[in-house]
Each structure stands twice: as C-alpha cells, then as structure tokens.
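Reviewing the structure listed below.
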Amino acid sequence: MKTQVSFYIAFIASIFSPALKAQCHVVGAQTLYQLESRIETYTLANGLRVRLLPLEDKQTLTIASQFNVGARNEAKGQSGYAHLFEHMLFKGSENAPGDTYAQQFSALGARFNASTHFDYTNYFVTLPSQALELALYLEADRFIRPSLNATTVKNQQETVLQEMAQTIDNQPYVRSAMEFLLDQVQGTPYGHGIIGSREDILQATPESLTAFHRAYYRPDAMQLSLVGKLSPQTRQWIEQNFATWPKPTTTEPRFTELNIEPKQVHAELVDERGPWSGLLLAWHTVGKDHPDAAAIRLLEAHLFQNTASALAKISQHNPDQMLSYSLPFELENHGIANIVLVPRARTSLDTLVEKVQGLIAQTQQQALDETRLCTLKQVWLNNRLQQLSDTQALATQLSATSVQDTDHPLTAPWQRINAVTAEEFQRVAKQYFNQDYVRVDLLPPWYIRWGKTLLEWLPDGASDSLEEAVL
C-alpha cells in the first residue's frame, strides 16, 4: 500500500524533475496524487487484480469489475456473444437463481449496471456500505457460477433484439453508417458490431454461452475495484469469495496493433427516414496506450470538443452547422477521431468539409500557443477530476487501468497529458489528420435533398427563415 511519504516524494519529483520543467502550472493535480496514495493494490494467487480505495466520508461504496473480453473476442458466427452474456449475468447464478441478484440490490436501493465494448466488459454496483459482504458474495457467484438455461437465454435474446431495434435499426443512418465504418476494418477483430447480428444472437445456446464464459471470464482477465466506505474485513471477504476461482492453464489471448493503411474514402449513404443531411468525418489514429495517444486526445479537444474548441470559436456567430458532435473512439490497439456535423440549410456538405480541413491545416502549419496548450491540459484535468467526484466513476476508472498504468492508475495518464509539447501536438496533426480520412455523407430522401439544394442558393436571411419553418 502506498504511503503518504511516497505520495509527497512522487508529487515533489513531478514538480522539480528536469524533464518536466516545461510543463504547465495547473490547478488540481495534487488531488490525483492524494487519491492515488490511498489506493491499496494487490493480486490474488489466481491473477485477479484488486484495488481498494477507502473514503471514510462516504456512506456508500461501489464495486466495479472489468474483464478483458468484448466484441473482439467473438468467433465467426458468435457476434454479439459478449453483450448477450453481459445480460445473462443479471439473470441468475448457482446460489442466486433467477432475479435474485436484482431483487436483493433493488431492496437495498442500490444502483447497478454494465456495458460491453470492443475490448472489455464492465460491471458496477453502488450500495450502502453495510451490504458489502453480501455484495461480494453475489458478484463472485455470478461471475464464477452463472446459471444459463434455455428459458433465460431466449428471454435475453429477445431483450437484445429489442435493444438493437431501438438503438440501431429504428434510428436514421445508424445501421448503414455503422456497417460502413466496420467495413473499413474488415479482417481485424473489430470488423463486426458490438451488439452482433440478429442471426448470431438467435443461434446462441446455453452450451455455446457456457463455453464463451469458460474461455474468457477468468480471474487473470479481471480487475476488481472497491471505492467508498470499506469494512476492515474487506480483504477477508474478497479472499473468501474470489480466491477459490481457479486460474486457467491457458494463457490469456493478446491482440496486436491493427495493420491498417489509411486511405481517403468518400461514401454516400441514403436513408429514406433521414430528416436532414449530415456529415461524418473520421481519421485513423492509435490505440489508447500508444505513445502518441495523449497528444491526439488534446488535439481532438482543441479541434472539435467543448465550447472553447477551434470549431466552436469560428461558429460563435452565424454558424454553418446546426449541430456538431465528436466522440473519440478509443480501442486498445487502434483509435478513430471523428466529427459529425449537421449543416444549416444554406450550407453544403462540401463547405463543412472545407471548414474542418481549414482548421486542421492551421494546426498543422502553426505551432500551438503554449497558453492554449496549458488550457487544454487544465480542461483535461478538470474533466478527469469531475469524473472522480463519485465512487461509481472512480471505481469504474480504476477497474479500467491499463497494464502500463498498473502502479499509478490515476497519475500516469495525467503525466502523459502534461508531458505533451507543442511540437508533438503539431506532429500528430500532420501525421494522423492528413488527407487519408473517411468522409460519409448522410443523405435523406431525394425530395429533402432537392429542397435543401434550393435553400443553399437563397440569401441567408431567407434560407434561415425557411429552415426554421421546415425543421
């Protein structure tokens, strides 16, 4: 367990190290060091990594678990298995059959949920601290001894298909855009959607899901984090419930960096349900643990994100877009930067592309001002501190710790961000945000496109008035 002494040594070293002299003077970084100094990290004999962060001022606690299993682990014909299995873990285990898990926690006023991603699946439950022993028992039972029967599998298949319909198939552009983007990484473990195909989901059986569980739900692929008001018996209860889980004799699968040659791609996707035109631009970048990842995160923020971004600044008065949205896609071994734009009636999609290209070109040609770079770092830190303000967000982040940050789960990511220089910032802009990008025009039916084309030729005032009337 880290001590207060080690915290002060690390913090002082971070300030006076010669390698860090050029870094920014930011407010709040000490909070990360203080929190991290209180984390107890250890590993059970079976390989399960545990992190405990006691917070005495809390009356609740969060248990967060993350497994190194996601859509990338799915074999051909088993797309959607990771997500379907996530659903199954709420529907019964050997000692808590049926809806016992949900009923027990609901009676305690607990919050619980899970999510599946390409690289991992995570689970959390936030509950009163007095229920910790019961919670650890139920968590271990469902992870180690899930109950998979034909009735439950059928029920959850229907639930997943309903989710697919609501979030993908019934939303304009989503299905076609998702499939197009996945085609760009065909031949890799990421070439199919997380939710899977209808055919594969319907073909899942208790036997095939049991095999999936045995292969990928293993203690050495799990990180368990507890944050909040912890009992003195916490370690004992963890040992009782998780230490008997045998470590597999096979090694955990590893995935290497994707071998993708970026190229310029331009596609048009027409959806008869589309209410208006849209534009998606995307650039292949790097995985979250790559040395360039920190600079790219800051670059994305500078260009597209928050109200102080370059895009926001040139859009303060009479913007060409009604909506812009950027959500970086971070994988363990790959990354995709992106921006979605919905144009005003008077603005063509080509005009929006030129605007974005202009912002990128400016960043490539002019070194970023140090004051602006420090502001970006401060904003990153502020966002991270805000995420750590409650036990759920903090526990979830700890369970998502990458291998390179094992010993410093909170401060190592910040140190990489704070070490980014203006030269690195400009280099990654040139290297990754070049002309080899993906452009997808999201187009509504012909009559809406025809009407919008007419509006593009009208004077601004007239087109704006008609736009408001139509939309």
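Quick check on this structure: which one of Ala102, Ala131, Ala165 is of a type in the set (A, V, I, L, M) and either loosely packed, with under 14 Cβ neighbours inside 10 Å or in contact with a Ser or Thr (Cβ under 7 Å, 6 or more places away or on another chain) (or both)?
Unique residue meeting the criteria: Ala165.
For the condition touching a strand residue (DSSP E or B) at 6+ places or on another chain (Cβ under 6 Å) and more than 19 Å from His213 (Cα to Cα), what is the one hit in Thr126, Thr188?
On the way: Thr188 fails: touching a strand residue (DSSP E or B) at 6+ places or on another chain (Cβ under 6 Å).
From the options Thr126, Thr188, the qualifying one is Thr126.
Can you tell me which residue is most open to solvent (accessible area, probe 1.4 Å) among those in the range 391-417 that are part of a helix (DSSP H, G or I) and in contact with a helix residue (DSSP H, G or I) (Cβ under 6 Å, 6 or more places away or on another chain)?
Restricting attention to the range 391-417, the residues satisfying the condition of being part of a helix (DSSP H, G or I) are 391-399, 403-405, 411-417.
This time we only want the ones that are in contact with a helix residue (DSSP H, G or I) (Cβ under 6 Å, 6 or more places away or on another chain), so: 393, 405, 411-412, 414, 416-417.
Values: Ala393: 33, Asp405: 9, Thr411: 2, Ala412: 15, Trp414: 7, Arg416: 83, Ile417: 6 Å².
The residue in question is Arg416.
I need a count of the residues in the range 374-390 that are surrounded by fewer than 20 Cβ atoms within 10 Å (Cβ to Cβ), farther than 20 Å from Val227 by Cα and of a type outside the set (Ser, Thr, Tyr).
The initial filter retains those residues of the range 374-390 that are surrounded by fewer than 20 Cβ atoms within 10 Å (Cβ to Cβ), namely 374-375, 378-379, 382-390.
Subset that is farther than 20 Å from Val227 by Cα: 374-375, 378-379, 382.
Among the residues that remain, those that are also of a type outside the set (Ser, Thr, Tyr) are: 374, 378-379, 382.
Matching residues across the range 374-390 total 4.
Per-residue answers, yes or no, for (1) surrounded by 21 or more Cβ atoms within 10 Å (Cβ to Cβ); (2) without any contact (Cβ under 8 Å) to a residue 24 or more places away in the chain; (3) touching a helix residue (DSSP H, G or I) at 6+ places or on another chain (Cβ under 8 Å):
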position: Ile296; (1), (2), (3): yes, no, yes
position: His302; (1), (2), (3): yes, no, yes
position: Thr307; (1), (2), (3): no, yes, no
position: Ile314; (1), (2), (3): no, no, yes
position: Asn318; (1), (2), (3): no, no, yes
position: Tyr325; (1), (2), (3): no, yes, no
position: Pro328; (1), (2), (3): no, no, yes
position: Gly335; (1), (2), (3): yes, no, yes
position: Ile339; (1), (2), (3): yes, no, yes
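State all residues of the range 249-288 that are open to solvent by 50 Å² or more (accessible area, probe 1.4 Å) and of a type in the set (A, V, I, L, M); if no residue qualifies, say none.
Val270
Which condition does Glu199 not pass, out of (1) open to solvent by 20 Å² or more (accessible area, probe 1.4 Å); (2) of a type in the set (D, E, K, R); (3) within 21 Å of Phe255 (Cβ to Cβ), if it passes all the others?
(3)
Here is a list: Ala395, Ala419, Ala429, Ala412. Which entry is in contact with a strand residue (DSSP E or B) (Cβ under 8 Å, 6 or more places away or on another chain), within 24 Å of Asn333 (Cα to Cα) and at pLDDT 95 or above? Write out each step before concluding.
Details: Ala419 fails: in contact with a strand residue (DSSP E or B) (Cβ under 8 Å, 6 or more places away or on another chain); Ala429 fails: in contact with a strand residue (DSSP E or B) (Cβ under 8 Å, 6 or more places away or on another chain); Ala412 fails: in contact with a strand residue (DSSP E or B) (Cβ under 8 Å, 6 or more places away or on another chain).
Of the residues listed, the single one that is in contact with a strand residue (DSSP E or B) (Cβ under 8 Å, 6 or more places away or on another chain), within 24 Å of Asn333 (Cα to Cα) and at pLDDT 95 or above is Ala395.
Which helices (runs of 4 or more DSSP H) does the range 184-303 wholly contain that include 2 or more residues that are of a type in the set (Val, Ile, Thr), at pLDDT 95 or above and more than 18 Å from the chain's Cα centre (by Cα)?
On the way: elements: 198-203, 206-216, 234-242, 293-303.
Because the criterion is at least 2 residues that are of a type in the set (Val, Ile, Thr), at pLDDT 95 or above and more than 18 Å from the chain's Cα centre (by Cα), the helices (runs of 4 or more DSSP H) in the range 184-303 that meet it are 234-242.
The values are calculated or read from the model by the stated rules, or taken from the named source; none is laboratory data. The structure displayed is predicted, hence computed values, not measured ones. Virtual Cβ from ideal backbone geometry, glycine too; neighbours counted across all protein chains shown. Note: areas computed on protein heavy atoms with side chains; ligands, DNA, RNA excluded. Shrake-Rupley method; radii C 1.70, N 1.55, O 1.52, S 1.80 Å.
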